1. For residues that are touching a strand residue (DSSP E or B) at 6+ places or on another chain (Cβ under 9 Å) and polar (S, T, N, Q), scanning just the stretch 146-189, find the one that is nearest to the ligand (Cβ to nearest atom).
2. Based on this model, can you work out whether residue 47 counts as in contact with a strand residue (DSSP E or B) (Cβ under 8 Å, 6 or more places away or on another chain), crowded, with 19+ Cβ neighbours inside 10 Å and assigned to a strand (DSSP E or B)?
3. Have a look at 80, 94, 39 and point out the one that is assigned to a helix (DSSP H, G or I), β-branched (Val, Ile, Thr) and either within 12 Å of the ligand (Cβ to nearest atom) or surrounded by 24 or more Cβ atoms within 10 Å (Cβ to Cβ) (or both).
4. Inspect the stretch 63-77 for any residue being assigned to a strand (DSSP E or B), more than 16 Å from the ligand (Cβ to nearest atom) and among the β-branched types (Val, Ile, Thr) and give the result as yes or no.
5. If I go through the stretch 142-174 residue by residue, how many of them are of a type outside the set (Lys, Arg) and either buried (at least 24 other Cβ atoms within 10 Å of the Cβ) or over 18 Å from residue 119 (Cβ atoms) (or both)?
6. Which one is surrounded by the most Cβ atoms within 10 Å (Cβ to Cβ) among residues in the stretch 253-296 that are free of Cβ contacts under 8 Å to residues at least 24 places away in the same chain and not in a strand (DSSP E or B)?
7. Looking at 204, 167, which is the one that is farther than 24 Å from residue 284 by Cβ and in contact with a helix residue (DSSP H, G or I) (Cβ under 8 Å, 6 or more places away or on another chain)?
8. What is the residue count in the stretch 18-58 for residues that are among the acidic types (Asp, Glu) and touching a residue at least 12 places away in the same chain (Cβ under 8 Å)?
Amino acid sequence: MSNRTNKYIPYSRQCIDEEDIQSVVDVLISDWLTTGPMVEKFEAEVASLSSSKYGIAVSSGTAALHAAMFAINLRPGDEVIVPAISFVATANAVVFQGAVPVFCDVLSDSLLLDPGQVESKISNRTKAIIGVDYAGHPCDYNLLRAIADKHSLVFIVDACHSLGSSYCSKRVGEFSDIAVFSFHPVKSISTGEGGMVVCNDSNYARRCKMFRNHGIVQDHKQRINWRYEMQELGYNYRLTDFQCALGISQLKKLPEWIIRRNEIANKYNEILCDRVKPLVVKNNVVSAYHLYVIKIEGHRDFLFDKLRSLNIGVNVHYLPIYLHPFYQRKFNEYKNSCPIAENAYNDILSLPIFPTLTDDELMYTINNINNLLEKR
Ligand SMILES: *Cc1c(COP(=O)(O)O)cnc(C)c1O
């Protein structure tokens, strides 16, 4: 990396090395560009990393969420409880299936789904709860699992931020019925675009595989017979072999990248002035630190503008989903329904965090924040 003077520092970015490049090139000159051996290898590695029996690679995290909604047979009229603060795709996947996202408020110190409020959102149409591991911090798997079991609901984790995180020394994916990952360039590892569903239920796995391939049933007879059957309406959500090869190569570096992300977070915690409130990380958790989010009451917009003008790519994650125009038109009844999420939205700012962020770039960011706040 060149030195940072006047160079834009993004809030996140991919890390690609020679080994990654070679792994992609090797596949490009092989016999299989898609539906080949790299797909199964990548699936097995991500499944094992999440202590799950099955991994189903798909073309994005959004496709993974959609496949999960299909797998559980989500239908029009069904309801799914989702946190108010997440990327829009979490709720969109519910809407794709004609079902209704029911927005639930979050905890103010972590912005994770508040288990204490989930039960009040359950109706006789509720089919599932989607917890989001916001910023890389696993949501309260134990409590959410217990609530789901008590009411016979499916517990799904949107783990798009938390590949490599752990909870009570266990891996992401061990508590949920289905967990989904994203391999977009800003996430823990990248395949360009890409996603994965992990689960232990063979029926969910079978339905996800069918869904990513047009709803066509795959059995071994198909390979020796021209005949195939489309059983359900599916999509082309397949991931290519060269993307999976990149994913496999990236996974090797995940442990050291998480250490570096934690190092960066600790530096921020240590040196940022007291007026900056970082989100809490519970001590039973290792966060993959997809995001480093601070709350800065009253001065968020000021800091955002000033830091951007200094070429520091801060960002805001996220506007509560139901405040997006589409959701206001379609599901207007949620306005004001999650006050903690709406208030937090005014105060939050995501600071740069990614493995190749240099110490120099980190100190430049910290010093500028401290200096700017000193004058306010
Ligand atoms: C990135 C992300 C997604 C969607 O993943 P894509 O791969 O971009 O489709 C879904 N949910 C959350 C919480 C995300 O951060």
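1. 182
2. So residue 47 does not fit the description; no.
3. 94
4. No, because not a single residue in the stretch 63-77 is assigned to a strand (DSSP E or B), more than 16 Å from the ligand (Cβ to nearest atom) and among the β-branched types (Val, Ile, Thr).
5. 18
6. 263
7. None of the other options fit; the residue is 204.
8. Counting residues in the stretch 18-58 that are among the acidic types (Asp, Glu) and touching a residue at least 12 places away in the same chain (Cβ under 8 Å) gives 5.
None of the figures in this text is laboratory data; all of them are computed from the coordinates on show. The structure presented is a predicted model; accordingly, all values stated were derived computationally and were not measured. A quick note on method: Cβ atoms are made from the backbone with ideal geometry, for glycine too, and the neighbour counts reach across all protein chains shown.
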